[in-house]
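*Asks:* This is the structure I have questions about; it appears just below.
The values are calculated or read from the model by the stated rules, or taken from the named source; none is laboratory data. Worth saying up front: this structure is predicted, and the values here are computed from it rather than measured. When we count neighbours, we look across all protein chains shown, and the Cβ atoms used for this are built from the backbone with ideal geometry, even at glycine.
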C-alpha cells in the first residue's frame, strides 16, 4: 500500500490485494511525516 503524504488527512477504501475485501484506510500527516494510521476491514 502506498500513501500520498502530500495531503494532510485522508480516508479512503481500498480492496485487499489478497482477499479482495474492502479496507478503510485513514491517516494524518504532520510536518511531512505520518502522524497516525488506521486500517479496518469493512463488511
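*Asks:* Can we say residue 6 is outside any strand (DSSP E or B) and loosely packed, with under 11 Cβ neighbours inside 10 Å? Before the answer, list the steps.
*Replies:* Details: outside any strand (DSSP E or B): yes; loosely packed, with under 11 Cβ neighbours inside 10 Å: yes.
The answer is yes for residue 6.
*Asks:* If you take the residues in segment 20-43 that are touching a strand residue (DSSP E or B) at 6+ places or on another chain (Cβ under 9 Å), outside any strand (DSSP E or B) and surrounded by fewer than 10 Cβ atoms within 10 Å (Cβ to Cβ), which one is modelled with the highest pLDDT?
*Replies:* Out of the qualifying residues, it is 42.
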